[in-house]
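No value in this document is a laboratory result; all are computed from the given coordinates. If you're wondering where the values come from, they're calculated on a predicted model, not measured in any experiment. As a convention, Cβ positions derive from the backbone with ideal geometry for all residues, glycine included, and neighbour counts pool all protein chains shown.
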Amino acid sequence: MAVLNPAFWIFVAAIAGIYAIMALGLYVQFSLAGLPNFGHVAFMAVAAYTMAILVARYAWPLPLAAAAGVAAAVAFALLLGVPSVRLRSDYLAIATVAGGEIVRYLAMNLPELTGGPLGSMGLLGPGQIALYNQGWQAFLDRVASALSVLLGDAASRDVAMALVVWLLTLVLLCLFWRLERSPWGRVLKAIREDEVAALAVGKNVVAFKLQALVLGAILGALAGLLLAWQIGVFSPDDYQPTLTFYAYLILILGGMNRVWAIPVGAVLFSLLYAGTRFLDFFPLSLFDSGSRAFLRLFMVGFLLVLFMALRPQGVLGDRRQLLLEK
Amino acid sequence: MLQQLAQLTLNGLITGAILALTGVGATLVFGIQRIANFAQGELLTFAAYVGLVLNAVYGQNLAVATLGAVLATALLALAMHLLVLRPLRGRGLVATSLITVGLGLMIRDVVFIVAGPQIRQLRIDQSAVLDLGPVRLSPGQAVAIAITAVAAPAVAFLLARTTLGKSMRAVADNRDLAAIAGVDVERIGTWVWLLAGGLAGIGGIMVAVVQGTFDPNLGFQVLFLIFTTVVLGGIGSAYGALAAGFVLGLVMELSTWSGFAGGLEPRFKPVLAFLALILLLLYRPQGLFGKARVL
């Protein structure tokens, strides 16, 4: 495939936007409220599965099913969060990653409900291929035909997807940029810096943490829905814990504590992730395309270690607001 | 049904031995460095593949392969400690956890790149099942029992009787108190990582032979079981982890016994363990045997 194939890069752009929304969810939980959620991927999985099951099996209209998906992710966040936001940070990390793995194992092992290892294709049982995507494709077609007035022939479904995703991303970023500077955001930061002090001035620490967790879950759910629509079919394997750490790497690559650094991080990450398949010089030419998938994951791990060691606040971050040192 | 109970008990003891041995290493690391080592599972993976190379490529027998794997994994754990985690100490719980996550990804994917994603097996004749009256023992299980018979008493002796083992337990229990009492905390930390790596090496080989086949995800699949063991036994408590490993192994296997309300379907065993982990963290973070205190 050519490096300059525009269709590929438009696909990558859409993925980058989706990752930005996913990372924004983590930003609210981790950078604002100081909750190290290592199981963010669970919100994406719960929302995607709820939506796909309702559409494919019960023929719900797409907007309603999507809303149900977000609601399911919120319910899951409360289920996991009500008891566990009180935990010390490393215990919370372990508990959340275990929660995420429970979701993945259940998705894998409850084929009657989830299609099992086959994933969304198997939702209607063996022998039938289940689809959940037509409604979204139709929506994208309408957007594309509206766009063709402006763009002419260049307006395709993929262009429409990338535009829709990035529009949503920018709206959400502005919203949360504003929210961070509201009294609510300041309380969250106070809790992150010193929980006891926040308690002493009468703030309900647990309630604020739960709100942050739920907001993060909603953003995770949105990212999960968009990702499911973008890739068309999904299976439990798409919700490995690694996805959560992509989000952490995006936060770190951009800057741990600046909202507007998230899209920068998401674009950098996507370039790194998608771009490595085009670099064909030594020593990369030693790896075939199969190994390169693992090489990319190796790079994710390596960059996590490297940034945590040398620049934990991220490329554009602010060292003074660093909760990692606690 | 009783025969099934006996078989499940045996299986549970073998799973338990794996969790107990690896759990001891993980809990000492947790206690001493105050970090959750998310790369612990990958140490097991690494050991299984070192064993595979020695066993299948260089044609060494299993005993040599196990020893080699244990040594190599101990050195890898030591390198992690000296090159990465010790220089970066004081970075805080979350940063350190993320670093170990990154290290785990690096080790796992190097194994993926070098060895490939294919399913592998060590050279044992998997068809030679031992029939011991009521229970049957797969050759892998027999090897695992042999390894446990050597390793478990050695670990127990080290922890209970030697100065080194006592110092390890002291530092893991209360670092400052141990330092005041004259224990060289830095030196003990190095030994703890060597021990944790060696035990992970033993665990990796045991998982590989008991499962029969494995791929580079071997260690990550048992990581959370190891975490559950550590928390169940009380973080930093070596004896706690030894006991908790066997308890967890037995509970997981026996939960599928048909005499127990029809039994849980085996596919839900990991879910049971994860739920236990979350509930323990919430309601009894000091572990089953630990005393309540501020952690």
Projected label distance in nm at B:Leu2 and B:Val114, using a 7 Å step from Cα toward the beta-carbon:
5.1 nm
Note down the relative contact order for chain A as a percent, whole number, built from C-alpha pairs under 8 angstrom at least six residues apart.
30 percent
With equal scatterers on the alpha carbons only and no solvent term, can you work out the Debye log10 of I(q)/I(0) for region A:61-128 at 0.11 1/Å?
-0.38
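Just the Kirkwood number for chain B, please: inverse of mean 1/r across all distinct Cα pairs, in Å, one decimal.
It is 19.3 Å.
Based on DSSP H runs of at least 4 residues, each adding -39500 (n - 2.57), what is the mean residue ellipticity at 222 nm of the protein assembly as shown after dividing by all its residues, to the nearest 500 deg cm²/dmol?
Calculated at 222 nm, the ellipticity per residue is -23000 deg cm²/dmol.
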In peptide B:280-287, what is the residue-averaged number of other protein chain Cβ atoms found within 10 Å of each Cβ?
3
Check: in the protein assembly as shown the Lys pairs 8 or more apart or on separate chains whose Cα atoms fall under 28 Å apart number 7
Here the relative contact order (percent) of chain B, from C-alpha pairs under 8 Å and at least 6 apart, is 36 percent
How big is the dipole moment of the protein assembly as shown about its Cα centre under a simple scheme where the beta carbon of each Lys and Arg is +1, that of each Asp and Glu is -1, and everything else is neutral? Debye, nearest 20, please.
1420 debye
At what distance in angstrom do the alpha carbon centres of region A:193-222 and region B:1-77 lie from each other?
40 Å
Based on other C-beta atoms within 10 Å, arrange A:Val82, B:Val101 from fewest to most.
A:Val82, B:Val101
The relative contact order of region A:1-68, taking Cα pairs under 8 Å that sit 6 or more residues apart, comes to a percentage of 17 percent
Lys/Arg +1, Asp/Glu -1 at C-beta; the protein assembly as shown dipole; positive extreme among A:Leu106, A:Ala190, B:Asn37
A:Ala190
Hey, what D do you get for the protein assembly as shown in µm²/s if you plug the Kirkwood alpha-carbon radius into Stokes-Einstein at 20 °C and 1.002 mPa s?
84 µm²/s
When A:Glu112, B:Glu265 are arranged by how many other beta-carbons sit within 10 Å of their Cβ, fewest first, they go A:Glu112, B:Glu265
Which distance in Å, rounded to a whole number, links the C-alpha centroids of region B:177-227 and region A:288-303?
25 Å
Given the options B:Leu158, B:Gly236, B:Val209, identify the residue whose Cα lies farthest towards the positive end of the charge dipole of region B:137-260 (+1 on Cβ of Lys, Arg; -1 on Cβ of Asp, Glu).
B:Leu158
Positive-pole candidate from A:Met44, B:Val135, A:Ile10, dipole of the protein assembly as shown, charges at beta carbon:
A:Met44
Once you average over the residues of A:171-181, how many Cβ atoms of partner chains fall within 10 Å of each Cβ?
0
Check every DSSP H run in chain A and write down those whose alpha carbon atoms cover 24 angstrom or more along the long axis and whose mean Kyte-Doolittle hydropathy is 0.0 or greater.
A:6-26, A:41-58, A:62-84, A:89-109, A:134-151, A:157-180, A:205-231, A:289-310
At a 10 Å Cβ-Cβ cut-off, how would you order A:Glu101, A:Glu195, A:Glu180, fewest neighbours first?
A:Glu195, A:Glu180, A:Glu101
Distances over 17 Å make up what percent of all Cα-Cα pairs in region B:127-263?
69 percent
